[in-house]
1. Report the antiparallel proportion of the DSSP beta bridges in the chain as a percent, rounded to a multiple of 5.
2. Beyond 23 Å, what share of the Cα-Cα pairs of the chain is found? Please give it as a whole percent.
3. Take a quick pass over segment 139-258 and tell me how many lysine pairs come in under 27 angstrom between Cα atoms, counting only ones 8 or more apart or on separate chains.
4. Residue-wise, which Karplus ³J(HN,Hα) couplings in Hz belong to segment 255-263, taking 6.51 cos²θ - 1.76 cosθ + 1.60, θ = phi - 60°, and x for glycine or proline?
5. Can you order the peptides 142-148, 269-275 by their average number of other Cβ atoms within 10 Å per residue, highest first?
6. Computed over the Cα atoms of segment 75-181, what is the ratio Rg over Rh, Rh following Kirkwood?
7. With a/c under 1.5 counting as rounded, go ahead and sort segment 144-206 into rounded, prolate or oblate using the C-alpha gyration tensor (a ≥ b ≥ c being the square roots of the eigenvalues; past the cut-off, prolate if a/b is larger than b/c, else oblate).
8. So how tilted is helix 211-221 from the main axis of the chain? Cα-based, degrees 0 to 90, rounded to 10.
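Here, each number is a calculation from the coordinates, and none is a lab measurement. Source: prediction; values computed, not measured. When we count neighbours, we look across all protein chains shown, and the Cβ atoms used for this are built from the backbone with ideal geometry, even at glycine.
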Amino acid sequence: MAIETVGVVGAGQMGNGIAHVFALAGYDVLLNDISEASLNHAIEVIDRNLERQVSRGKIAAEIKAAALARIRTTLSIEEIGQTDLVIEAATENETVKQKIFAAVQPHLKPTTILTSNTSSISITRLASRTDRPEKFMGFHFMNPVPVMQLVELIRGIATDKDTYDALHEVVKRLGKTAASAEDFPAFIVNRILIPMINEAVYTLYEGVGSVKSIDESLKLGANHPMGPLELADFIGLDTCLAIMNVLYDGLADTKYRPCPLLTKYVEAGWLGRKSGRGFYDYRGEVPVPTR
């Protein structure tokens, strides 16, 4: 399965990062979203992040220019279907993802591989709604995509070996490391990481520590580069809650019950960095704990 053209559906934080690394690795990228403004913003972000790599001496200016030239944008989901590899990078909502795959399916080439960047949703279930479950996989990049080295490869029950091998080669070409995960809720990274964040929120909820003391404790006591509440704000509290609900529903174990305080923050629209407030308030020059 020769993969040279890649269609990325969703131009948000994950989608633009995925487009960035594929273009840098020499792939022709078609980036899709439902909004022209989102696409324009994504190109600005990619340009800025590539320039940061140039300024740090990681890539040459001509490499940046070549990578940007490999990225095209489109509002048409039909165009995406003509690529060799489709990566869905929309919001962590199963209904939204299913609608995207249903929309792109009539326009796919017979050889096109379908993938989802989902961080928790069943690959087998997503694949079963398409015409090619054997050519469907979970392709989970970490955030921020240009920086993080890991990609989780998740096979559904029907995924064939050729599809897995093709994506494993793609990860190598990107200069990243693949970790194979079985198709169980939240896979490997988020199965471990998000419950830890949820426990940190419980620690705050129960008054064991403040936002500041919890984050400092994990940074200085466990050598974590970022405190769990700070990390939750970076990921997005709505995403953390969605993954906890997938774990709770999928594994039926009370240890995965989302903390009520996490739910309350999401209900308030305090989703973290992207909304300006979460466990920290980002509206001033320096983030300030909200509890």
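1. Roughly 25 percent of the DSSP beta bridges within the chain come out antiparallel.
2. Tail fraction, whole percent: 56.
3. Lysine pairs, 8 or more places apart or on different chains, close enough: 5.
4. Each residue of segment 255-263 in turn: 5, 9, 5, x, 5, x, 5, 4, 4 Hz.
5. Most protected by this proxy first, the peptides run 269-275, 142-148.
6. A ratio of 0.93.
7. oblate
8. That works out to roughly 70 degrees.
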